[in-house]
Structures are given as structure tokens and as C-alpha cells.
Amino acid sequence: MENFISRLISCNKCPRLTQYRNSFPDNYWKKPVPPNGEINAEIVIIGLAPAANGGNRTGRMFTGDESSNNLTNALYAVGFANQPFSISKDDGLKVFRVYITSAVKCAPPQNKPNKDEIINCSTFLEEEVRMLENAKVYIAFGKVAWDSIIYVFKKIGYSVPNVKFYHGALVKVTKPDMSIIWLIGSYHPSPRNMKTGRLTMNMLVEIFSTAKKLVSNKERIT
């Protein structure tokens, strides 16, 4: 994992993203943002990309902005975090049974990575999937994250039904060894989604409650 993170934070493959992240003040992280959580996690959370003033500033995924606190509050509600907020790398946050990453590892302008940037970063996401041998449920925040993880799944030989993204989408994914994992779709816990009611805290908590039931074998959905 240390080798992976070292290579990740040294990446300058995408000129537009490199230029953008370097345009921020010197006290910002300004590098690709590494994942947060446990490598033996059962649940993998995939965001779109680090926020310009969140992960790009603090150096930890989903840390330091409103989206971060929305996510962490939901994780805390279902017992996957020891506190309901994520402010900085030294805030004492610990997450349990989850691994938090993103489809694109650098903050993009207007929060919109282009197709080439998404494909470039999929090599890191593929490495993560291969390392996360204990993962049973993947949760994708938004269509880009959804499409990105499905692209990686298919690339490494997983069988994935053709299901378009929607909030609450639940897809059974079959690995080459015929074992089953799950993919869940969720709206992103952004301030805009939360303030407009497109996503509520109850809806977000329900996503994680479903994931918890699936990994605990208390709920079988076929």
C-alpha cells in the first residue's frame, strides 16, 4: 500500500489537473489525494474527485468541506466512524470496515474531469480493486464514479449487468472465481444535493445500512 500511495501522489500524468491543483496556496496539499480507510475493508466508497478546498487542501479524501461532514455523519450513524465530522488529517477520525477513494485522484476545474483524465486515473482505481480482496460492497457517488468502477470491473473480468446509474441502484457483480460482490449507486453528499433535497441524510444513511446488511449476510437480495 505504501508503494501505491507513493506512486499516486507523485503522478503528473494529466497536465490540466496538475496545473489546476498547483494554482492553490502553498498551505494546500496540491497533489493527488490518497485513499482513507482500511485495506481489508468490506465496503468501498468511490467519490468523483477530491474537492478543491476539501481533499486538495487537507490531503485526505472527503476531509475539510461540507460534503466530507455529510458523508462522515452518515458513516457515524451506522457505526462506520468514531465521530460525525471530518475536518483535517489530525482530527482524530477513524473509519471502520470502509475504504474511501475516488474515480479521479486530483481536484478538477469546476469539479468536472474530462474523459482522458478519468481513463488515466482508472489505472489507480484498478490497482485499488485488486488490492481490496476483502471488499464485498462498492458504493459509487454519482454517475462518473459509477461508470468508472464498472469500467474497471469489466476490464479485470468481472461480470456486471448493464444498469444505468440511479440513487439506490443495486447490482450483483460476479468475479471470475464466481464469488459475488455488490455495487450500490448513491447521489453525491454534496451541499447542493443536500440543500435541494435531492439527497437527504436519511437517504444516505439508508445506503450505508443496506451495505452493512449485505456484508453481514443479514439481507440477501437476488
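Only the coordinates and a few stated rules stand behind these numbers; no lab work does. In this text, all values refer to a predicted model and were calculated from it rather than measured experimentally. Using ideal geometry, Cβ is built from the backbone for each residue, glycine included, and neighbour counts are taken over all protein chains shown.
Computed quantities for the displayed model
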| quantity | calculated |
| --- | --- |
| Span-like helix ranges in the chain, DSSP H, alpha carbon extent 15 angstrom or more, Kyte mean at least -1.0 | 66-77, 115-131, 143-155, 201-215 |
| For the chain, alpha-carbon Rg relative to the globular expectation (2.2 N^0.38 Å, N residues) | 0.95 |
| Subset of K172/K195; K13/K115; K31/K212; K13/K143 violating a 21 Å alpha-carbon distance limit | K172/K195; K31/K212; K13/K143 |
| Aspartates and glutamates whose Cα lies under 15 Å from that of K112, excluding same-chain neighbours fewer than 8 positions away | D147 |
| Zone of T196's modelled label, taken as backbone nitrogen in the range 94-130 under 19 Å from a point 7 Å along Cα→Cβ | 110-113 |
| Estimated distance in nm for a label pair at N114 and F24, the labels positioned 7 Å out from Cα along Cα-to-Cβ | 2.1 |
| Qualifying GluC sites (Glu not before Pro) in the range 113-222, DSSP loop, other Cβ atoms within 10 Å at most 15 | E133, E219 |
| Projected area averaged over orientations for the range 160-222, convex hull of C-alpha atoms, nm² | 4.9 |
| Distant-in-sequence amide H partners of L48 (H built 1.01 Å from N, under 5 Å) | A103 |
| Modelled FRET efficiency - R0 25 Å, K94 with R7, Cβ distances, 0.05 increments | 0.50 |
| Sparsely packed trypsin sites (Lys or Arg not before Pro) within the range 147-222, loop by DSSP, other Cβ within 10 Å at most 15 | K164, R198, K218, R220 |
| Among G157, G142, G64: highest mean-square fluctuation, GNM of the chain, C-alpha pairs under 10 Å | G157 |
